[in-house]
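The following block contains the structure, expressed as structure tokens.
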Ligand code: URA
């Protein structure tokens, strides 16, 4: 068989995720939420896990947090089609509870392969959960956000989660500033 290119590999990975029963979350899902956006993106955004709307639609960040994300992307000069969006977990945890370590262990290989295949210039980790997972740290988002950190071969920009900022004006302002920073980083050669 001829070698698959990156886009085909991502499609094969999405098909594998659609059949995945590696942790019990498959029992409660409507859809596996694999990713949205462009496999050629310079920016990959990583959230925590699908919520109710995402589970129903099969796409990440389509609810209120997703609307906020769309407007934040605009501040960075980006549209949703320009970026690649994924979550640490591909299936919705019941009642949106926190992901558990065995679920992450079962699912993380999808995210790592997604990052390897997209090979973005920047990974933006949104919220504590994605940041701790990608950066392999216990340091909180408040200390890490807004700065680029080299993590292996990736440049990682942690930011607050767009849902956490919805009802917190000061967090929202910080988050908007961090997306403006992302826009500037993308213009820097
Ligand atoms: N929150 C997340 O972390 N991911 C989604 O896809 C939606 C909300």
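Bear in mind that the values in this text are calculations on the coordinates, not laboratory data. Because the structure is predicted, anything quoted here is derived from the model rather than measured. All Cβ positions, glycine included, derive from the backbone under ideal geometry; neighbour counts span all protein chains shown.
Give me Rg over Rh for the chain, both radii from the alpha carbons and Rh done the Kirkwood way, two decimal places.
Rounded to two decimals, Rg/Rh equals 0.94.
A further question on this structure: 222 nm [θ] for the chain, helices only, -39500 (n - 2.57) per DSSP H run of 4+, per residue, to 500?
Per the formula, -13000 deg cm²/dmol.
For residue 174 and residue 67, FRET efficiency with R0 = 25 Å and r from the beta-carbon atoms, rounded to 0.05?
0.85
On to the next question. So what's the convex hull volume per residue for the Cα atoms of the stretch 103-189, in Å³?
Normalising the Cα hull of the stretch 103-189 by residue number yields 103 Å³.
Please state the relative contact order of the stretch 121-189 as a whole percent: Cα pairs under 8 Å, 6+ residues apart?
30
So for the stretch 2-187, averaging the separation of alpha carbon pairs under 8 Å that are six or more residues apart and normalising by length, what relative contact order in percent results?
24
Related question: Taking a cut-off of 18 Å, what percent of all Cα-Cα pairs in the stretch 19-94 are separated by more than that?
Within the stretch 19-94, distances greater than 18 Å cover 38 percent of Cα pairs.
Moving to a separate point now. When ranked by the protection proxy of mean other Cβ atoms within 10 Å per residue, highest first, what sequence do the peptides 122-135, 64-77, 8-21 form?
122-135, 64-77, 8-21
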